[in-house]
1. Are any of the residues in the stretch 644-653 assigned to a strand (DSSP E or B), in contact with a Pro (Cβ under 8 Å, 6 or more places away or on another chain) and of a type in the set (Gly, Ala, Ser)?
2. Quick one: in the stretch 11-68, which of the residues that are small (Gly, Ala, Ser) and in a strand (DSSP E or B) is modelled with the lowest pLDDT?
3. Closer than 29 Å to Gln306 by Cα, open to solvent by 70 Å² or more (accessible area, probe 1.4 Å), in contact with a strand residue (DSSP E or B) (Cβ under 7 Å, 6 or more places away or on another chain) and modelled with pLDDT under 95: does that describe His536?
4. Quick check on my filter: what residues within the stretch 487-508 are in contact with a Pro (Cβ under 8 Å, 6 or more places away or on another chain) and surrounded by 12 or more Cβ atoms within 10 Å (Cβ to Cβ)?
5. Considering only residues that are part of a strand (DSSP E or B) and in contact with a Pro (Cβ under 9 Å, 6 or more places away or on another chain), look in the stretch 566-588 and name the one that is surrounded by the most Cβ atoms within 10 Å (Cβ to Cβ).
6. Run down Ala171, Ala155, Ala129 and say which single residue is among the hydrophobic types (A, V, I, L, M, F, W, C), at negative phi and touching a residue at least 60 places away in the same chain (Cβ under 8 Å).
7. Looking at the stretch 199-230 only, could you name the residues that are open to solvent by 40 Å² or more (accessible area, probe 1.4 Å) and out of contact with any Ser or Thr (no Cβ under 8 Å at 6 or more places or on another chain)?
Amino acid sequence: MVDRSPLYLIISAVVPAIAILTMSGRVSAAPFIEEIDPPVFRRGAVTRTTLRGDDLRQAVGVWTSLPTTSVSSSVVSSNLSTSGPNEVVLDITVPADAPLGLHGLRLATNSGLSNVHIVLIDELPLTPAVGDVRVAGKSLDVDLPCCLTAPCQPASVDRYGIHVATGQTVAFEVVGSRFGKDYDPLITVRDESGHIVVQRDNDPGLFYDSRFAHTFESSGRFIVEVRDARYDGNESWHYVLRMGDFPAAIVTIPSIVQPGIIGTFWLPEVSAERFALTVPGRPRLQSYNQEVRASASGMATWIPLQSTALTDHSLESEPNDEPDETATMAVVPGTLSGVLVTPGDRDCFAFYLTKGQTLDFTGVSRDIGSAADLELVMYAPGAPDAREVRRIDEVPLRVGNRTIQLEARFSYPANVDGLHWLMVSDLVRDGGPSFSYRIDVTQQEPALTLAADVSRLTVPQKSWQPLPLTVTRQRFSGPIELELIGAPPGVSLEPLSIPEGVNQMVCRIVTTAEAPLGISTLEIVGRWKSEDGMSHAEAIVSVHPMIDRQLINKDRIPYSLQDNQLRLPPSLTSRFALMITSPPPFTLELPEELIVLTKYQTASFPIATQRLVGAAFDSPIVFRVTGGQIGTEDQERDNVFALIPNATVSEPTVEGVFHNRINTRYEKARVDLTATAEFAGHEVTLFRTFDLDLRSAFKPTFEPPTVTVEPGGMATFKVFPNRTPTYDGEVTVVPYSNDGLMTFPERIVIPAGQPHVELSIPIPTDRTPGRINIRCETTGYVGRYEEQLREPNLTIDVKKSP
């Protein structure tokens with residue numbers, strides 16, 4: 001049974017969210033938060049919080065990703081242990097209008113900003129788990145509603161006693177996995193005799209967390225148990241247990257709203273009633289949390305909603321299981337929404353298309369907390385029945401070295417006029433109230449995606465930090481204008497335009513002497529407009545901060561990130577944390593923007609520093625490089641590593657050396673270099689970037705690549721080894737396919753030091769006119785290793801004269 005009482009809706013703050021395409025992790029010399037205790041703050045109150053981790057000295061405050069309000073904090077105490085984790089105690093004040101739900105927090109120190117840690121903003125007083133909650137037969141009695149928090153200990157069970165009346169419905173929620181930890185909480189409710197009344201492990205859209213409601217058939221005292229489902233645990237894993245009268249809803253129908261427009265929606269897991277909702281007309285609105293209550297004085301929960309510029313919205317109505325006259329009529333472009341209420345349920349929408357019209361169909365389920373794994377089937381007019389023309393499930397997308405699975409999507413060009421149908425179902429024919437979905441049907445218009453590789457920026461006054469951006473243009477070309485939003489005075493973005501054809505660019509966040517010290521939040525928007533002004537595209541720069549740590553196996557190969565590290569709270573996916581510090585005591589320059597590294601060899605790169613007048617310090621400047629295939633020297637076989645001496649007072653300019661292993665890949669990648677020095681009791685870090693191009697020692701070509709000759713003539717060409725500057729050895733080109741041209745040499749040797757060789761190949765007089773394709777393999781010894789390439793190719797075009 002579920003509570004059918006009316007729902008009262010409270011609009012929460014709005015935060016944008018964009019597809020995730022890139023990740024930024026921990027950088028050198030930055031503080032690192034391992035644990036936040038407690039990881040929940042009450043809005044409108046002060047919460048005393050302990051942060052534990054590394055390099056937490058000289059803490060000055062916190063940054064949060066709250067979209068419309070600021071959080072204040074004060075440092076109470078700190079314990080900077082040299083043998084264990086650092087510990088900082090802060091009083092954190094959250095404004096009363098802060099939106100409920102999950103957000104990001106960073107610690108700010110004089111050395112810079114920490115990694116991001118996910119925290120919960122709630123409205124209930126916090127009750128720490130104290131006493132004998134982990135002792136068999138013991139429990140902590142609490143009053144409903146309540147919010148409890150505790151760390152998860154290995155092989156332990158936490159127990160809480162609650163008193164309920166007959167027929168009372170209590171909602172339960174545990175937040176643990178959503179903090180980004182490897183935690184799988186399990187909730188068990190027992191009566192006083194120890195019998196299980198209800199048990200819940202995972203709920204859709206909440207990773208390994210749960211949110212559910214239970215109606216008790218009898219009154220009395222019941223025990224609520226919380227533990228890891230595997231009996232695992234860790235001091236840094238914390239959970240928050242919420243119990244009360246909040247709606248146990250995860251999804252909404254529809255899941256999309258128009259900013260500034262009054263709409264209606266319903267919660268299929270709770271009630272069939274429709275409710276009015278007015279969404280604030282804020283700019284850059286893309287995704288946000290909606291607060292929902294079961295009564296005006298009851299507890300709230302939060303559910304995700306997304307915004308749209310589409311104006312037509314169609315809601316499925318049963319029965320609509322077949323592509324016939326029972327299908328729900330819809331208008332496209334627009335959105336199609338519904339819920340697969342029972343196993344085997346499928347929903348069919350009908351709409352008119354004209355010949356030549358092309359539309360994009362995008363399924364949405366996981367991003368709105370749904371349990372559905374969508375399968376989409378397109379039907380076109382046929383005789384006598386509709387005919388299937390497209391069936392699709394997930395779509396793989398390659399991002400760098402990873403493959404991610406996108407939800408079902410496709411483009412459809414209509415070949416005929418008339419009524420078409422779209423069938424929506426779950427791939428394994430499952431269903432239930434939580435199996436909601438949305439299909440966005442859009443015209444093929446220009447689209448823009450912008451992503452940044454960093455999400456935190458610690459920039460000293462009178463300095464700058466690089467901000468690498470990746471650009472994806474769809475159905476347009478041309479320059480993109482950038483706008484920096486939320487920057488304090490004296491902070492700017494350079495340049496403000498991405499030229500046409502540029503897909504990767506390193507911008508700069510620049511500060512002047514007038515930039516105020518402190519913490520702020522930035523957003524960056526990119527815009528394109530056609531010359532006639534009729535077409536345009538706009539996007540917010542997306543970010544993806546690393547949550548917790550990326551695990552590495554025994555071979556030092558990183559594991560794939562967990563789902564709760566990939567799908568982040570919406571307030572974290574487009575907001576940059578900025579901290580402005582005092583001017584740096586040194587400068588950092590990289591004289592070369594491109595370093596070429598030959599496989600099996602080394603490459604040197606210069607680094608120039610200068611200690612400023614008046615900034616007296618003698619500590620060394622320590623360097624670290626990351627990016628591309630760069631790892632550490634002990635990883636062996638598959639990586640590039642660098643050895644860089646420290647810059648000192650007597651040696652301000654140093655030379656680093658790149659080394660590479662036998663299994664490294666040929667690729668050009670950006671390298672991020674940090675320079676860190678101890679100054680005035682804290683660390684100062686400057687960031688710079690350059691490109692590292694890992695190439696073969698040679699890359700031969702035929703000149704010209706295509707030779708035209710008559711039968712009986714001579715095909716004359718040159719072979720260039722195209723060696724890198726650090727290699728001058730012998731190169732051998734061997735054809736492994738020559739289309740039967742027996743006069744072609746078995747091998748071509750380019751002696752050491754020789755820039756090229758010239759060859760003339762006789763073509764037999766009886767050779768039939770046509771194209772001869774000669775494919776070659778090239779080898780050469782680079783140091784102790786033989787390098788091998790499956791290139792170059794030569795084409796000989798045999799033609800008779802007219």
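1. We begin by selecting, within the stretch 644-653, every residue assigned to a strand (DSSP E or B); these are 647, 653.
With the extra rule that they be in contact with a Pro (Cβ under 8 Å, 6 or more places away or on another chain), the set shrinks to 647, 653.
Still in the running and of a type in the set (Gly, Ala, Ser): 647.
Yes - at least one qualifying residue is present in the stretch 644-653.
2. Filtering the stretch 11-68 for residues small (Gly, Ala, Ser) gives 12-13, 17, 19, 24-25, 28-30, 44-45, 53, 59, 61, 65.
Narrowing further to those that are in a strand (DSSP E or B): 24, 45, 53, 59, 61.
Details: Ser24: 36, Ala45: 95, Gly53: 93, Ala59: 93, Gly61: 94.
Ranking the candidates gives Ser24 first.
3. Details: closer than 29 Å to Gln306 by Cα: yes; open to solvent by 70 Å² or more (accessible area, probe 1.4 Å): yes; in contact with a strand residue (DSSP E or B) (Cβ under 7 Å, 6 or more places away or on another chain): yes; modelled with pLDDT under 95: yes.
Spelling it out, His536 is indeed closer than 29 Å to Gln306 by Cα, open to solvent by 70 Å² or more (accessible area, probe 1.4 Å), in contact with a strand residue (DSSP E or B) (Cβ under 7 Å, 6 or more places away or on another chain) and modelled with pLDDT under 95.
4. Correct list: Pro488, Gly490, Ser497, Ile498, Glu500, Gln504, Met505, Val506, Cys507, Arg508.
5. Taking the stretch 566-588 as the starting set, the residues that turn out to be part of a strand (DSSP E or B) are 576-581, 586-588.
Retained after the next criterion (residues that are in contact with a Pro (Cβ under 9 Å, 6 or more places away or on another chain)): 577-578, 580-581, 586.
On the way: Ala577: 27, Leu578: 24, Ile580: 21, Thr581: 24, Phe586: 18.
So the residue we want is Ala577.
6. On inspection, the qualifying residue turns out to be Ala171.
7. Matches in the stretch 199-230: Arg221, Arg230.
Listed here are the residues, each with its yes/no results for (1) of a type in the set (Asp, Glu); (2) out of contact with any Pro (no Cβ under 9 Å at 6 or more places or on another chain).
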position: Leu376; (1), (2): no, yes
position: Gly382; (1), (2): no, yes
position: Glu388; (1), (2): yes, no
position: Ile404; (1), (2): no, no
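The values are calculated or read from the model by the stated rules, or taken from the named source; none is laboratory data. These figures come from a predicted structure and were not determined experimentally. Cβ: placed from backbone, ideal geometry, glycine included. Neighbour counts: every protein chain shown. Accessible surface areas use protein heavy atoms only, side chains included; no ligands, DNA or RNA. Shrake-Rupley method; radii C 1.70, N 1.55, O 1.52, S 1.80 Å.
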